[in-house]
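Structure first, then comments.
The values are calculated or read from the model by the stated rules, or taken from the named source; none is laboratory data. Not measured: the values here are computed from a predicted model. No Cβ is skipped: glycine too gets one built from the backbone with ideal geometry, and neighbour counts run over all protein chains shown. Remember, those area values only see protein heavy atoms, side chains included, never the ligands or the DNA or RNA. Shrake-Rupley method; radii C 1.70, N 1.55, O 1.52, S 1.80 Å.
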Amino acid sequence: MKFYGRKQEIDRLLQLDKQSEQTSVFTLLVGRRRTGKTTLLKQAFADRKILYFFVSHKSETLLCQELQQTVESVFRLHLYGQAGRFADLLRELMIYSRQCHVTFIVDEFQRLYDINPAIMSGIQEVWDSHKDMAHIHLIACGSVYSMMLKIFRDRKEPLFGRATAEMRLQPFTTELLKQILSDYNPCYTSEDLLALYTVSGGVAKYVELLMDANAATKESIMDAVCRNGSVFLNEGTELLVGEFGKRYQVYFSIMQLIASGMTTQSQIDSIIGFNTGRYLSTLEDEYTLIERVRPMFAKPNAQGIKFALYDNFLTFWFRFIESNRSVVEMGKSELLKEIIDKGYDRFNGMMLERYFRQQYSEKERVTEVGHWWDRSGMNEIDLIAVERLDKRVTVGEVKRNKSKISLNILEEKFAALRPHFRGYEVDFVALSMENM
């Protein structure tokens, strides 16, 4: 698949690189795995000489040997440094950059912490001592979000406050997904688009895998996901077990329950068998894998809080793949497809709501997007998109079949929220598959 989008991100990286020609810049680039961080960096600097270094699971000594070889091949520069100390090699690079600008990308930066936490103190000492005289753009690229936050935002960590710029790479927008799908299937249907959105969530690697396999229809997408040997079948395990470690089974159980519709802590606790508050907080605050969903205008401590998985693919994976692990292990791909098909429409009703909330959040004038439900849970509004500056609000009902939507009933539900929008122009909209 060719490279798509990311113009703003590339422009920002090039701007920071230009800035680093005058003064050192330490850029933090984070995003979930598979979002295309490495591809973005290589695309942004395609016509420039850069030092790209991937941190693999090796000892610090072996990593330093590998880095020395890489520097020599790129700059024809031999770094001496003390054997096995990453910080010493960085010091020599920063000294070299006083005369010759250096763009140094460290991919999977968080692994340095796993290899030897003391590396971070060494980097801090070198950076603080040499940044004012150096002309280096040090880019720390990481996919384990929790660890990257710990390294750069925990006040107790050596690199706290050292990043001069932060970028978080998001999945593709809904508009870009439509452009990509159109290139591979010019006659795509809304069902095709919703299937792509559901399975990929706009994550670049998943979109690439599907498009390269010519999976650009709903049916072919499901075939690609379910076939024996598909990378999608074990992807959730690959992504999460390394982060969760020995505790992964509890976290997996919680995420599977949320994906299946058990969205309140009381529901989760009743099935798990103990208070899961600590685990839910960790999933939200440390791993950023789930979010607390509140009705718009609800207070932070209000009742009726629900939980949802941030990630489309993981929501799909826990709902259909991990929950049917025995079917997957037996290699019964056709049976797995049948199971998915049976629960697909109901599941995709939720994904359709998520699609439209994302679509509206991408509109230039929209300042806030959410949804609302009352205490009884009987009245719910699927979409509220606010344009504060223009004093305008869009209120939407989302269903797969537009004929089942009543705007009159929607207006009645909105009456409870009218006091929050005095002086606003209100648009009531019916959103269905045909509006995607």
Candidate set: the range 305-358, residues that are of a type in the set (Val, Ile, Thr) and part of a helix (DSSP H, G or I); chosen: the one most open to solvent (accessible area, probe 1.4 Å): 339
Leading residue by the ranking (nearest to residue 1 (Cα to Cα)) among those in the range 151-210 that are open to solvent by less than 10 Å² (accessible area, probe 1.4 Å) and either among the hydroxyl-bearing types (Ser, Thr, Tyr) or touching a Lys or Arg at 6+ places or on another chain (Cβ under 6 Å) (or both): 206
Subset of the range 93-118 [open to solvent by 10 Å² or more (accessible area, probe 1.4 Å) and of a type outside the set (D, E, K, R)]: 95, 96, 99, 100, 101, 113, 115, 116, 117, 118
Matching option when the condition is within 30 Å of residue 190 (Cβ to Cβ), open to solvent by less than 50 Å² (accessible area, probe 1.4 Å) and of a type in the set (A, V, I, L, M), among 233, 280: 233
Residue within the range 361-373 that is out of contact with any helix residue (DSSP H, G or I) (no Cβ under 9 Å at 6 or more places or on another chain) and part of a strand (DSSP E or B) present: yes
Any chance residue 71 is crowded, with 18+ Cβ neighbours inside 10 Å, in contact with a strand residue (DSSP E or B) (Cβ under 7 Å, 6 or more places away or on another chain) and touching a residue at least 40 places away in the same chain (Cβ under 8 Å): no
Test: residue in the range 119-130 that is closer than 12 Å to residue 26 by Cα and surrounded by 19 or more Cβ atoms within 10 Å (Cβ to Cβ): yes
Residues satisfying the stated conditions in the range 289-304, i.e. in a strand (DSSP E or B) and within 23 Å of residue 233 (Cβ to Cβ): 290
Among residues of the range 97-130, those that are among the polar types (S, T, N, Q) and not in a loop (DSSP other than H, G, I, E, B), counted: 4
Per-region count, the range 1-44, residues of a type in the set (A, V, I, L, M), open to solvent by less than 20 Å² (accessible area, probe 1.4 Å) and in a helix (DSSP H, G or I): 5
Residues being under 27 Å from residue 14 (Cβ atoms) and surrounded by fewer than 15 Cβ atoms within 10 Å (Cβ to Cβ) - total across the range 75-92: 1
Qualifying residue in the range 417-424 (condition: in contact (Cβ under 8 Å) with a residue 12 or more places away in the chain, touching an Asp or Glu at 6+ places or on another chain (Cβ under 8 Å) and surrounded by 13 or more Cβ atoms within 10 Å (Cβ to Cβ)): no
The one condition in (1) at positive phi; (2) in contact with a Gly (Cβ under 8 Å, 6 or more places away or on another chain) that residue 265 fails to fulfil: (1)
Boolean, residue 68 is modelled with pLDDT of 95 or more, assigned to a helix (DSSP H, G or I) and farther than 30 Å from residue 6 by Cα: no
Extreme residue, least open to solvent (accessible area, probe 1.4 Å), among residues of the range 361-393 that are more than 24 Å from residue 299 (Cβ to Cβ) and within 27 Å of the chain's Cα centre (by Cα): 362
Subset of the range 48-59 (residues that are surrounded by fewer than 17 Cβ atoms within 10 Å (Cβ to Cβ) and either within 13 Å of residue 90 (Cβ to Cβ) or modelled with pLDDT of 95 or more (or both)): 54
